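Quick notes on the structure that follows.
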Amino acid sequence: MKPDLFEAPDYYLLDELLTEEHKLVRDAARSWVKRDVSPIIEEYAQKAEFPTQIISGLAEIGAFGPYIPPEYGGAGLDQISYGLIMQEIERGDSGVRSTASVQSSLVMYPIYAYGTEEQRKKYLPSLASGKMMGCFGLTEPDHGSNPSGMTTNFIDKGDHYLLNGAKLWISNAPFADIAVVWAKNEEGRIHGLIVERGMEGFSTPETHNKWSLRASATGELIFDNVKVPKENLLPGKSGLGAPLGCLDSARYGIAWGAIGAAMDCYDTALRYAGERIQFDRPIAATQLQQKKLAEMVTEITKAQLLAFRLGQLKNEGRATTAQISMAKRNNVDMAINIAREARQVLGGMGITGEYPIMRHMMNLESVITYEGTHDIHLLITGWDITGISAFK
C-alpha cells in the first residue's frame, strides 16, 4: 500500500481567495481522504464494491448536505465550501463523490427545498448523519437526456398513491433507505415522491459488470404497484423544473469534483516524471513531458477559476442553469483529458492499480455522461447564447 503523498496544485494562489472556514473545511476533507479512502479505494475498485464503512466518515466531514441549515442536521456552510468538499472527495474517487453528491443535492436538497416541515424534520437529520442513505430516481431505461418522456407514474387511490415504473443507473440504489422518485400523475404532471425501502412492490436490483465507478453502488428502482402514503409527496414544486433544480446543485458539485480527479492525476504524473529515469535523466527533463505537465496545470487552473466564480454566483443566488452546465461540461472534459495525458506520462505503469490514473479515467467516462451528457450541456450553452433551442 503506497502512502498518499498528494499535494494540490495552486498555480494562481487561489487559496488567498478562500476564507479560513473554506480552508478548514477543505483540509478536513483532504485529511480524511488521505487516511480513510486512499488506502482502500484501489482494492474496492478492483472488486467492484462500495466501501460502506466510510459512510460515517463522509458524515463527519460534512459531506452530506453541507449547505443544509443546522436545524435540519446540516453544517450551514456556503456553496464554495460544498464545492471544496466535493473536490477533495473526488480526488479520492469519483464513485465516493457520487455517493455524497446524490445524498446532498439529489435527496436532501429536494426534501429541504420542496418538502413539508414534517418531511424535513423526519428525514434530513438522519440523512445528514449518514444513519439514513438516499437515492434519486429520474433516469429511466428509455429516457435519459429526455426526462420529460418518463413513463413512471402514480395514480390517486384515495388514501394513498399507487406507483408503477422503473428507473435505471441509480447511484446508491442497492443500499438506499429512501428514494426521491420523479413520476407523472394522471394529468401527466411530474411530481416528487419519497419511497421508503420495505414498501411492498419496491425493489432495487444492483447493476453489475461496470468498468466505471466500480467503487460505487449502482442499481435500478422497480415499482410494482407500490402504495406510497400521500404525506410522502413533495408539495413545494412540480413539473420538470423540480428535478432539474436538484440537478443544478449536483452538477455544480461535479464541476468542483472533477477538479479533484484532475489534480490527483496531475500530481501523480508530476511526481512520477521527476522520479522515472530514462536515458540517464528524469523524464521530467524532456520537452514532451514538460509540455504535458504544463498544459495540465494550466487547464486545472482555468477550471479552478471557473468553479470559484460559479461558487460566488451560487452564494449570491445568481448562478444560472446554463452557467452551471458550462462548468460541468468544461471541468469534466478537462479532467478526462488530463487523466489520459497523465496515463501516458506513466507509460505502462499508468494502467495498473498501483497508481490511481486508470481508475480516475474510467470513472470520468461515467461523470462525463451522467447528469447531462457532454453534448447536451453544449446544447444548453448554445440555447442560452442564441436563444434558439436545438432540442426540437
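The values are calculated or read from the model by the stated rules, or taken from the named source; none is laboratory data. All figures in this text were calculated on a predicted structure; none of them were measured in a lab. FYI the Cβ positions are ideal-geometry reconstructions off the backbone, even for glycines, and counts take in every protein chain you see. To get the accessible areas, we keep the full protein, side chains included, count just its heavy atoms, and leave off ligands, DNA and RNA. Shrake-Rupley method; radii C 1.70, N 1.55, O 1.52, S 1.80 Å.
Computed values, structure above
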item: For region 171-187, Karplus couplings with θ = phi - 60° (6.51, -1.76, 1.60), whole Hz, Gly/Pro x; result: 5, 6, 3, x, 10, 5, 7, 9, 10, 8, 10, 9, 8, 9, 7, 5, 8
item: DSSP beta bridges in the chain [antiparallel fraction, %, rounded to 5]; result: 85 percent
item: With Cα atoms, 0 to 90° folded angle of helix 357-367 axis to the chain main axis; result: 30 degrees
item: Tensor-based shape of the chain (alpha-carbon gyration tensor, a/c under 1.5 rounded, otherwise prolate or oblate); result: prolate
item: Amide proton proximity set for Gly137, modelled H, under 5 Å, gap of 5+; result: Val180, Val181, Trp182
item: Of Ser126, Ala269, Pro235, farthest towards positive along the dipole that unit charges on Lys, Arg, Asp, Glu beta carbons give the chain; result: Ala269
item: Sequence-separation-based contact order of region 141-211, relative, with Cα cut under 8 Å and 6+ spacing, percent; result: 26 percent
item: Cross-link reach list, lysines versus Lys184, counting only Cα pairs under 29 Å and skipping chain neighbours closer than eight places; result: Lys121, Lys122, Lys157, Lys167, Lys227, Lys230, Lys237, Lys328, Lys392
item: Built amide H within the under 5 Å cut-off of Leu234, gap 5+; result: Gly192, Leu193, Ile194
item: Per-residue ³J(HN,Hα) for region 209-223, Karplus 6.51 cos²θ - 1.76 cosθ + 1.60, θ = phi - 60°, Hz, x for Gly and Pro; result: 6, 8, 8, 10, 6, 6, 8, 10, 8, 10, x, 10, 10, 10, 10
item: Taking the chain and dividing mean pair separation by its residue count, relative contact order in percent (alpha carbons under 8 Å, at least six apart); result: 18 percent
item: Under the Karplus curve 6.51 cos²θ - 1.76 cosθ + 1.60, θ = phi - 60°, whole-Hz ³J(HN,Hα) for region 59-64, x wherever Gly or Pro sits; result: 5, 5, 8, x, 6, 9
item: Lys, Arg +1 and Asp, Glu -1 on Cβ, resulting dipole of region 209-274 about Cα centre, debye, nearest 20; result: 60 debye
item: Where Trp182, Trp383, Trp169, Trp211 fall by accessible area, highest first, once all protein chains stay in place (1.4 Å); result: Trp211, Trp169, Trp383, Trp182
item: Protection proxy ranking of 232-241, 84-93, 50-59, 249-258 - average other beta-carbon atoms within 10 Å, highest first; result: 84-93, 249-258, 50-59, 232-241
